[in-house]
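What follows is one structure encoded as structure tokens, with my remarks underneath.
The values are calculated or read from the model by the stated rules, or taken from the named source; none is laboratory data. In this text the structure is predicted, and so the values were computed from the model without any measurement. Here Cβ is always computed from backbone atoms with ideal geometry, including for glycine, and neighbour counts include all displayed protein chains.
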Ligand SMILES: Cc1cc2nc3c(=O)[nH]c(=O)nc-3n(C[C@H](O)[C@H](O)[C@H](O)COP(=O)(O)OP(=O)(O)OC[C@H]3O[C@@H](n4cnc5c(N)ncnc54)[C@H](O)[C@@H]3O)c2cc1C
Ligand SMILES: Nc1ncnc2c1ncn2[C@@H]1O[C@H](COP(=O)(O)O)[C@@H](O)[C@H]1O
């Protein structure tokens, strides 16, 4: 079984984002693997190591050359090879079309995406990719297991979970629970990653259906109103009569 | 042209978020001067469907057979067919597990511009521009949609319910369903518990609580005001609380009317999941805890003293 993990390169969430018009100012930004994608990759590696019959784990990223350090990190963590589609990810649809081309050129049974990217928060690409490929898809995935050589997928539903079987290839969008701690690359992995194949692919023509035309900063918050530790009553009063929330 | 709203029911019942969705769709339909149609799949009693009439639909369409379990491909195909039949230029979903899994498929199929997790009406219709939070709640992006058809998903508890009684008819719509490629083997569900994602009031606690044995007072506080319980990530990683309660960048993103954070430092990844809450209360013994920067009300003190007093004051 071959797995493809779609990896997005995003600013570390602790860095303050600044904009020049609608462009993110790159200075001072730490780039990381989108946290969900990192967990997806971690789960893929766990499955491979458990002897569940995973032959190869590939990663795919849509982005200019600047995303390669993040891709190398994914290789250092343990992916076997990597594909970069050489273009800015202009919007969800455009990016999904590029990823669909990568999938078609390979031979994958399981395609993993994160539930959302930490930059655009599009909540779109996994489902779009599946639709473009005509594959089944499962969202809100909290566990991926292989039982008797077949995929068994858990998804969250309101107030519980469902366990699904599926035809493959299948696209899953993973969230919390899929793996606990992301892997950190070890020295040996970093050395090996340099020699692992990272193939650059030219982008295909695709429509860009949405664009960011303006960035609006959130309104500054009014200062917090403090109450004494002994004055729980004062707080309750404010919640009842000022904030009107209880 | 029309606005099509997809409604999900839970064991044959609608939730408040469905009524928010219809209220939102109706406002957009009115602004655009087009009808709003509502789509319902699966087994549901007519008197439940009747409830939707309170929120201004021009027609309610239902399809029963073939929707007993969620296969995203089947649902997306069906919704897209309905959108085409009804000449919808706007398809609106709830931003929840179901909407998130289907909306992208429908958008790709219709070649629509999709914007997920919106919380406000469009800024303009021509060109179509709408705002959404990006960079995990750090800024808003004004997003222009260049496609003729738009697909939106609306965050819960961000748009008010507006009553708008109509005399819409309920009709069956015939749709051609593909064969499902996924199959639900088992379902495991807790019923009767207030879900975090539905809750208007949330009581949340972090590592400051020290251990799972100290959650009694958190649950009592939640019960006192009818709130759901939540937690920070280390708390669920430690197994003190279930993963479903974890809020933040890698947990659930919520927007309740009230969020009470107890013994939570307010790390940026945590705040990303709660900053849209209408009112945030922080209880922390450290006056420099960053949670006070995002809180509306705060108490500096020991949670083990403050929380019992708060419960008393509420009773
Ligand atoms: C990629 C990434 C993603 C992440 N995603 C999330 C996420 O989604 N959600 C999330 O929550 N975290 C997330 N984190 C972790 C986050 O950075 C913080 O580590 C975490 O939020 C801290 O949890 P906490 O506030 O419960 O614990 P701490 O930071 O340890 O804070 C405990 C607080 O309790 C206070 N306290 C202690 N004792 C008492 C007492 N007796 N009474 C009152 N107050 C007391 C302390 O003053 C302190 O402020 C993420 C981290 C990374 C790197
Ligand atoms: N530029 C990209 N390259 C590869 N995969 C991506 C890219 N952007 C997003 N993805 C994948 O799509 C998921 C959902 O992203 P989004 O729809 O933007 O919220 C991410 O978690 C990634 O798995």
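Scanning region B:22-50 for residues being touching a helix residue (DSSP H, G or I) at 6+ places or on another chain (Cβ under 9 Å) and either assigned to a helix (DSSP H, G or I) or more than 30 Å from residue B:127 (Cβ to Cβ) (or both) gives a total of 3.
In region B:263-277 there is no residue that is crowded, with 19+ Cβ neighbours inside 10 Å, in a strand (DSSP E or B), more than 16 Å from ligand 2 (Cβ to nearest atom) and more than 7 Å from chain A (Cβ to nearest Cβ). Per the conditions (1) modelled with pLDDT under 95; (2) within 16 Å of ligand 1 (Cβ to nearest atom), the sole criterion not satisfied by residue A:52 is (2). The condition of being at pLDDT 95 or above and more than 10 Å from chain B (Cβ to nearest Cβ) holds for only one of A:243, A:202, A:186, that being A:202.
For (1) part of a strand (DSSP E or B); (2) at the interface with chain A (Cβ under 7 Å from one of its Cβ atoms), each residue gets a yes or a no:
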site: B:104; (1), (2): no, yes
site: B:109; (1), (2): no, yes
site: B:114; (1), (2): yes, yes
site: B:120; (1), (2): no, no
site: B:142; (1), (2): yes, yes
site: B:159; (1), (2): no, no
site: B:166; (1), (2): no, no
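A single member of B:223, B:249 is within 16 Å of ligand 2 (Cβ to nearest atom) and either under 29 Å from residue B:16 (Cβ atoms) or touching a helix residue (DSSP H, G or I) at 6+ places or on another chain (Cβ under 9 Å) (or both), and it is B:249. Restricted to region B:226-242, and to residues there that are surrounded by fewer than 19 Cβ atoms within 10 Å (Cβ to Cβ) and under 20 Å from residue B:198 (Cα atoms), the residue that is farthest from ligand 1 (Cβ to nearest atom) is B:226.
Which residue is nearest to the chain's Cα centre (by Cα), if the candidates are limited to region B:279-315 and must be assigned to a loop (DSSP other than H, G, I, E, B) and more than 7 Å from every other protein chain (Cβ to nearest Cβ)?
Checked region B:279-315; the qualifying residue nearest to the chain's Cα centre (by Cα) is B:290.
In this entry, residue B:147 is excluded by the filter for residues that are touching a strand residue (DSSP E or B) at 6+ places or on another chain (Cβ under 8 Å), crowded, with 23+ Cβ neighbours inside 10 Å and either in contact (Cβ under 8 Å) with a residue 24 or more places away in the chain or more than 8 Å from chain A (Cβ to nearest Cβ) (or both).
Checking the stated criteria, residue B:98 turns out not to satisfy the condition of being in the same structural domain as residue B:85 (by TED's automatic domain parsing), in a strand (DSSP E or B) and under 21 Å from residue B:60 (Cα atoms).
Suppose the filter is within 23 Å of residue A:218 (Cβ to Cβ) and at pLDDT 95 or above; does residue A:65 pass it? It is false that residue A:65 is within 23 Å of residue A:218 (Cβ to Cβ) and at pLDDT 95 or above. Checked against the criterion of being within 10 Å of chain B (Cβ to nearest Cβ), in contact with a helix residue (DSSP H, G or I) (Cβ under 6 Å, 6 or more places away or on another chain) and surrounded by fewer than 24 Cβ atoms within 10 Å (Cβ to Cβ), the candidates A:179, A:140 yield just one match: A:140. With respect to residue B:205, determine if the residue is within 10 Å of ligand 1 (Cβ to nearest atom) and at pLDDT 95 or above. So residue B:205 fits the description; yes.
For region B:168-187, taking the residues that are part of a strand (DSSP E or B) and either at pLDDT below 95 or more than 14 Å from every other protein chain (Cβ to nearest Cβ) (or both), the one that is surrounded by the most Cβ atoms within 10 Å (Cβ to Cβ) is identified as B:170.
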